[in-house]
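J.: This structure is in structure tokens; I'll ask about it shortly.
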Amino acid sequence: MSSKSNPNVGKKKISQFSISVLFDRKIKSSFAWKHFGQLILVEENKRSKIFTDQVYCKQCLTACQSENGDISFELAKIKSYSKTISTGNLIRHLRDCHSIREDKTESTRLINDFFTLTPRPRVRATVASSSTVNVLTKKDKWILARDLALWFCTSLMPFDSVSDEGMIDFFKKYNIIVSDEDIPSRYTVGRGALDDVYETMLATVKTQILTGTPRHVSITFDLWTDQYRRLNYITFTLHFITADYELKNFTLSTQLVQGKKTGEKIQGMINTTVSEFGLCDKELHTVTDAGSNVKRAILLSDLDSHLCLGHGLHNLVITDGIKTVPSLKEMVEKVKNIVKAIRYRLPELEKEAEKEQVEFLQQIENVSEVLENDENEPIADDDDDVSQKSQIFNDEFGNLNQMPSIKTATPTRWHSVLSMLESLAHCCNRNPVNSILTKIGLEDLKLVQTEWNLLEDLIRFLRKFREAVEVLCAQKSVSLNLALVFRSELKDILNSISDEEIAVMISLKNKMLEKFDHRFPLTKNVVLASLLDPRFSGLKEIDSYLLEMNTNRAAFLADCINELIRPSDLPHSESGEAYHDVSEPQASSSSTQSLLTKLSKKHSSCSNIDESPESDFSQECWRYLASIDPKEVEFMNGDVLAYWREKKNVFPGLAALARTILAIPATSTPSERVFSIAGLVLNAKRARLSPTRVNKIIFIHDNYNNCKNT
């Protein structure tokens with residue numbers, strides 16, 4: 001039956017359709033035909049074939065019927081191809097859209113082949129002049145295409161770079177190719193080669209996850225929208241600690257979210273991702289924002305959830321803080337309007353700022369001469385003008401070595417607001433900004449001195465919060481153990497009021513204090529992570545939490561071990577063998593370590609040892625608390641995982657607990673970082689990339705080092 005014989009077929013409910021697959025061992029033997037076939041319409045107990053020149057995906061039809069069987073056929077998204085299409089396209093659709101693969105090797109190369117540097121053999125061909133030239137074999141061209149795909153994904157280069165004249169000449173110069181015909185086309189690199197590299201890496205990542213994950217793992221996920229086609233995506237990342245106490249981070253997938261971003265739809269995507277990567281039997285700990293759809297998805301999936309502290313701090317600073325203080329809200333909005341007004345005149349602004357910088361440098365030179373003369377011939381009670389000018393150059397808003405360009409703010413990143421305010425408040429930008437506003441007839445946007453002063457006060461306050469965000473958003477080291485000490489410090493900042501504090505800033509602090517516990521809750525996992533770091537096990541806030549829970553440190557730790565840890569989770573005993581540190585501890589900057597040491601001492605109580613309990617795990621916890629020495633972690637460059645790697649046989653229960661809890665990131669930054677990568681992938685020249693190719697490029701880029709180091 002054709003569409004002409006039944007013009008109303010598009011109005012039929014999707015539940016009335018089925019697909020008769022075309023698989024036949026003799027004729028259509030490809031596994032793809034087990035999932036593609038003729039579309040069947042069932043009416044009045046009669047089955048009739050329709051659109052016989054097309055083949056339809058059975059998996060797409062089943063998915064549509066499961067989601068809503070009452071929608072019409074014309075609204076359902078069911079993939080179809082011409083009946084004469086090659087099976088390669090069908091296989092690609094099944095693999096990319098439904099994660100269905102043949103029961104054979106998914107890729108044609110081993111992962112080591114991509115990272116092994118070996119010279120490729122050449123075939124010598126004789127030309128008319130009796131000289132010889134190197135000619136690429138078919139296999140060489142095939143390997144080159146895949147190596148280019150890996151390179152382009154890792155460096156986020158467009159696939160049409162292969163046609164760049166400079167690259168072709170470079171390849172010829174170093175004897176990689178002989179002629180233009182040797183270079184693979186952009187379609188070969190961006191399709192077949194990309195698929196092969198992705199499948200190879202996917203198989204390797206799945207193997208690493210299968211063999212290296214403990215029973216407890218953490219995932220983060222977040223949603224984002226590309227700025228060109230306004231398509232919604234969701235990204236999943238995985239985090240766990242290996243048996244050697246090494247933190248592993250993987251980007252699992254970046255998927256298109258079609259239609260409404262409901263909790264039910266997100267739950268389905270969680271289940272699909274968990275199933276694809278073999279995590280169904282794992283205990284999942286999720287880190288997400290507090291969106292209602294995300295919270296519903298977590299509830300439906302019955303997962304342990306930890307709210308992203310980065311999102312919490314953003315809402316605390318912007319929603320609960322700045323937006324609730326009228327004068328600050330107006331100030332920030334005014335700055336945004338200024339940036340919007342002058343962003344098309346930034347070159348002119350930069351020239352004016354450079355002139356301002358030269359004038360300041362000349363004043364510095366003059367001040368230096370005056371000071372030098374004063375040292376040689378001191379004059380008592382001299383004018384304070386020199387010292388006042390000198391103070392300007394030492395001020396935090398007058399660093400001439402770091403003159404910033406004007407920054408714009410991102411709605412979902414509060415620290416981008418701080419960057420915007422800092423760039424505008426720099427001493428070399430103030431006069432040029434006001435000058436340009438006068439030129440374009442927007443004098444009402446000019447900032448007066450009282451506004452500059454308020455801007456400076458707000459910047460000084462927000463800078464204290466930025467340090468916490470930067471440390472908590474670390475991806476290469478564990479971060480949940482740092483959450484409580486920064487919580488204590490931020491709360492102390494909000495509670496402290498100096499005599500010079502203006503009323504506006506006091507109001508801001510009070511507004512933020514009212515919502516502080518809501519945005520930065522004192523949860524069980526946060527307390528537990530701090531107890532598992534010897535530097536922070538004595539924090540005063542732990543005392544308050546345990547007092548409210550009517551327990552003590554040792555009992556709390558022992559209860560958590562009994563609740564979360566099974567005998568199979570305990571590290572295998574290595575008694576009788578000398579401990580060997582198989583990897584260097586993750587280095588951390590000395591400034592960060594000194595900051596953490598100072599905060600630990602500031603917010604710790606005098607003692608963290610409780611009465612000696614009786615059970616085995618309680619005895620272990622008591623021994624741990626009695627033997628705690630923060631310097632042990634400090635000597636390991638602040639690497640708490642190196643500490644537990646060394647102590648895993650001494651405190652096996654606590655070591656297993658540390659492997660579980662410390663794998664939970666403090667923020668969902670890992671999945672948010674993918675947004676930045678995606679922004680580089682989906683630029684103005686590549687806005688038409690399909691979601692499946694976007695996923696493959698991001699997957700290869702993010703997991704490159706994980707696969708390279710296998």
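What follows draws every value from the coordinates through simple rules; no lab data is involved. Since the model is a prediction, treat every value here as computed from it, not as a measurement. Cβ coordinates were reconstructed from backbone atoms using ideal geometry, including for glycine residues, and neighbour counts include every protein chain displayed.
J.: Can you sort W622, W452, W224 by how many other beta carbons sit within 10 Å, fewest first?
T.: In order of increasing Cβ crowding within 10 Å: W452, W224, W622.
J.: Report ³J(HN,Hα) in whole Hz for each residue of segment 32-37, in order, from the Karplus equation J = 6.51 cos²θ - 1.76 cosθ + 1.60 where θ = phi - 60°; Gly and Pro get x.
T.: My calculation for segment 32-37 gives 4, 6, 6, 10, 10, x Hz in order.
J.: Given the C-alpha centroids of segment 636-710 and segment 416-473, what is the distance between them in whole angstrom?
T.: Centre-to-centre (Cα) distance: 34 Å.
J.: Can I ask one more? Within segment 236-343, how many Lys pairs sit with Cα atoms under 16 Å apart, leaving out pairs fewer than 8 places apart on the same chain?
T.: Value for segment 236-343: 6.
J.: Using alpha-carbon positions, what is the distance between the centroids of segment 170-222 and segment 292-327, in Å?
T.: First find each Cα centre; the distance between them is then 36 Å.
J.: How long is the gain from A341 to T207 if the chain were fully straight, where each residue apart is worth 0.36 nm and the alpha carbon distance is subtracted?
T.: Result for the pair: 43.0 nm of gain on full extension.
J.: What spacing in nm lies between the two simple spin-label points modelled at L156 and Y174, each 7 Å away from Cα in the Cβ direction?
T.: The answer from the label model is 2.3 nm.
J.: Another question, then. Suppose R0 equals 41 Å. What FRET efficiency, 1/(1 + (r/R0)^6) with r the Cβ-Cβ distance, do L570 and T710 give to the nearest 0.05?
T.: Efficiency, rounded to the nearest 0.05: 0.95.
J.: Something else about it: Starting from the 7 Å offset along Cα-to-Cβ, what nm value, one decimal, do you get for the label separation of E165 and R230?
T.: With each label point 7 Å from Cα toward Cβ, the separation is 4.0 nm.
J.: Hey, if you put +1 on the Cβ of every Lys and Arg and -1 on every Asp and Glu Cβ in segment 421-524, which of N453, A468, S435 ends up farthest toward the positive end of that dipole?
T.: Most positive-ward Cα: A468.
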